[in-house]
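The values are calculated or read from the model by the stated rules, or taken from the named source; none is laboratory data. Nothing here was measured: the structure is a model prediction, and the numbers come from that model. Positions of Cβ are generated from backbone atoms using ideal geometry, with glycine treated the same way; all protein chains shown enter the neighbour counts.
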Amino acid sequence: MTGLASPSHTASCGASQLRERLFATRRYSLELTSTLSAEDMTVQAMDDASPTKWHLAHTSWFFETVILAPHLKGYRLFDEAFHYCFNSYYESLGPRQPRPKRGVLTRPSCETVLAYRAHVEEGLEELFSRSVPPGPEIECLLEIGINHEQQHQELMLTDILALFAANPLRPASRPPRPHPKQPKAPEPLRWVAFGSGIYEIGHPGKGFAWDNEMPRHRQYLQPFRLADRLVTNAEWLAFIANGGYRTPALWLSDGWSLIAREGWQTPLYWEERDGEWSAMTLEGMRPVEPAAPVAHISYYEADAYARWAGYRLPTEFEWEVAAREGAARQMIGEVWQWTGSAYLPYPGYRPPPGPLAEYNAKFMCSQHVLRGSSRATPQGHSRATYRNFFYPHQRWQFTGLRLAADAA
């Protein structure tokens with residue numbers, strides 16, 4: 001999804017606080033798997049998803065490969081074969097298990113993967129217990145590792161949902177949680193107006209940020225309006241009822257070809273039975289809540305809906321300005337919000353040196369930017385400048401939309 005910040009961009013929190021955050025993050029990954037069986041953690045739902053076991057091993061491989069092997073004297077690799085099994089997409093680091101085939105990795109076992117995690121954590125503990133504490137370079141790499149694992153925590157949840165949604169038993173991956181009572185109808189849509197001008201865009205450089213959030217630069221914006229809330233399930237149901245998935249004039253050509261080929265008629269995970277709509281969630285099948293934000297839609301669907309409603313998607317720059325000014329609701333923590341912006345480098349962008357250059361830069365083609373965060377995003381892993389990105393057809397993530405318009 002996202003390198004990487006230089007040491008000067010790393011949060012200056014001290015070695016003890018960094019250690020505490022590191023191991024809290026590692027524990028949370030395991031907490032997310034507490035209700036899963038070994039079989040649950042081995043299967044791969046589709047090419048875009050990865051098995052839970054693979055996520056647990058890959059995040060350990062990242063710490064081992066980027067930090068421990070090059071920087072901890074005397075560190076012993078747990079298993080040299082794991083370099084092939086759990087490398088993700090780092091071409092400069094050698095060949096790897098093909099992504100669509102990660103589900104055939106019945107070996108190593110889940111038990112061995114957990115032993116691998118423990119081995120890596122022993123190395124990380126030793127790194128902090130040395131008489132000379134980690135310097136700025138290693139602190140920066142540890143911060144990257146923490147944020148990298150947080151990204152995979154979100155991916156674990158979305159991939160588990162994809163897996164359980166494909167299971168005819170429709171199992172829940174976690175027990176039901178108390179849900180605030182939702183109104184039967186969404187609140188009226190309101191608009192927030194913004195004037196034209198030159199705005200500062202991108203991370204200011206204090207605290208952690210991914211490389212694709214920088215450099216900070218100036219962007220001219222025409223006057224625009226932004227919806228003060230997200231598009232809801234009730235509004236999406238109106239789109240469906242009005243023939244939104246059957247009207248080619250609403251769709252980009254590639255999107256229309258896709259929905260015709262795949263037979264899409266609703267967001268992912270929605271089902272209708274006896275006139276009642278339900279959707280697969282991490283808590284199993286639940287009724288579609290009319291006032292809740294619509295989720296699991298592709299860029300093509302978001303764009304078609306905006307056109308049907310008579311509006312458009314915001315640019316990522318418009319979204320960032322609104323988020324920074326706190327002018328609208330539901331900017332963070334509900335669904336990732338599609339923007340109309342292609343995922344491209346900012347003016348003056350340079351990839352970082354070494355293998356981590358592959359983390360972000362090589363994906364700056366044919367993808368679209370999403371902003372905000374979702375209900376699956378770990379706490380503390382969101383900010384106004386964060387740039388997520390996916391291909392326009394992908395919708396297994398918690399993705400939704402907010403409307404925008406040119407100034408009246």
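For every residue, the table says whether it meets (1) touching a Phe, Trp or Tyr at 6+ places or on another chain (Cβ under 8 Å); (2) of a type in the set (Gly, Ala, Ser).
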residue: Pro171; (1), (2): yes, no
residue: Pro175; (1), (2): no, no
residue: Pro186; (1), (2): no, no
residue: Trp191; (1), (2): no, no
residue: Ser196; (1), (2): yes, yes
residue: Lys206; (1), (2): no, no
- All but one of (1) part of a loop (DSSP other than H, G, I, E, B); (2) modelled with pLDDT of 95 or more hold for Gln379; which doesn't? (2)
- Every residue from segment 306-344 that is in contact with a helix residue (DSSP H, G or I) (Cβ under 7 Å, 6 or more places away or on another chain) and farther than 27 Å from Ala249 by Cα: Ala328, Met331
- Is there a residue in segment 97-106 that is hydroxyl-bearing (Ser, Thr, Tyr) and assigned to a helix (DSSP H, G or I)? no
- Note on the structure: Out of (1) more than 27 Å from the chain's Cα centre (by Cα); (2) hydrophobic (A, V, I, L, M, F, W, C); (3) in a helix (DSSP H, G or I), the one Leu77 does not meet is (3)
- Just checking, which of Leu282, Leu230, Leu221 is assigned by TED's automatic domain parsing to the domain that holds Asn360, over 22 Å from the mean Cα position of the chain (by Cα) and not small (Gly, Ala, Ser)? Leu221
- Message: Just to be sure before I move on: is Glu143 surrounded by 20 or more Cβ atoms within 10 Å (Cβ to Cβ), among the acidic types (Asp, Glu) and assigned to a helix (DSSP H, G or I) in the structure I sent?
- Response: yes
- Out of all the residues in segment 51-67, is one or more in a loop (DSSP other than H, G, I, E, B), outside the structural domain of Pro351 (by TED's automatic domain parsing) and either modelled with pLDDT under 95 or in contact with a Ser or Thr (Cβ under 8 Å, 6 or more places away or on another chain) (or both)? yes
- Note on the structure: Exactly one of Ile240, Ile138, Ile144, Ile160 is assigned by TED's automatic domain parsing to the domain that holds Asp40, over 22 Å from the mean Cα position of the chain (by Cα) and not acidic (Asp, Glu), and that one is Ile138
- Item | Cβ-Cβ under 8 Å pairs, at least 6 apart or on other chains, segment 118-142 side closer than 15 Å to Thr59 by Cα, far side assigned to a helix (DSSP H, G or I) and among the charged types (D, E, K, R) | Val120/Glu64; Glu121/Arg26; Gly123/Glu64
- Note on the structure: Scanning segment 344-379 residue by residue, the ones that are out of contact with any Lys or Arg (no Cβ under 7 Å at 6 or more places or on another chain), under 23 Å from Met331 (Cβ atoms), surrounded by 17 or more Cβ atoms within 10 Å (Cβ to Cβ) and among the hydrophobic types (A, V, I, L, M, F, W, C) total 2
- Criterion: in a loop (DSSP other than H, G, I, E, B) and at pLDDT below 95 - qualifying residue of Ser12, Ser8, Ser16, Ser37: Ser12
- Note on the structure: Of the candidates Arg27, Arg21, the one satisfying the condition of being assigned to a helix (DSSP H, G or I), surrounded by 13 or more Cβ atoms within 10 Å (Cβ to Cβ) and either at pLDDT below 95 or of a type in the set (D, E, K, R) (or both) is Arg21
- Output yes when any residue across segment 339-360 is under 21 Å from Arg375 (Cβ atoms) and touching a strand residue (DSSP E or B) at 6+ places or on another chain (Cβ under 8 Å), and no when none is. yes
- State the number of residues belonging to segment 85-132 that are surrounded by fewer than 14 Cβ atoms within 10 Å (Cβ to Cβ) and either at pLDDT below 95 or within 26 Å of Pro353 (Cα to Cα) (or both). 10
- Message: List the residue pairs whose Cβ atoms are under 9 Å apart, where the first residue sits in segment 22-38 and is under 16 Å from Leu127 (Cβ atoms), the second is part of a helix (DSSP H, G or I) and of a type in the set (Lys, Arg), and the two are 6 or more positions apart or on different chains.
- Response: Arg26/Arg117
- segment 292-316 residues that are under 12 Å from Thr266 (Cα atoms) and at pLDDT 95 or above, paired with ones that are assigned to a loop (DSSP other than H, G, I, E, B) and among the aromatic types (Phe, Trp, Tyr) (beta carbon under 7 Å, 6 or more apart): Ala295/Phe398; His296/Tyr269; His296/Trp396; His296/Phe398
- Message: Against the condition modelled with pLDDT of 95 or more and in the same structural domain as Leu114 (by TED's automatic domain parsing), how does Lys73 come out, does it pass?
- Response: no
- Message: Here's a check for you: in segment 17-47, which residue that is hydroxyl-bearing (Ser, Thr, Tyr) and touching an Asp or Glu at 6+ places or on another chain (Cβ under 9 Å) is farthest from Asn147 (Cα to Cα)?
- Response: Thr33
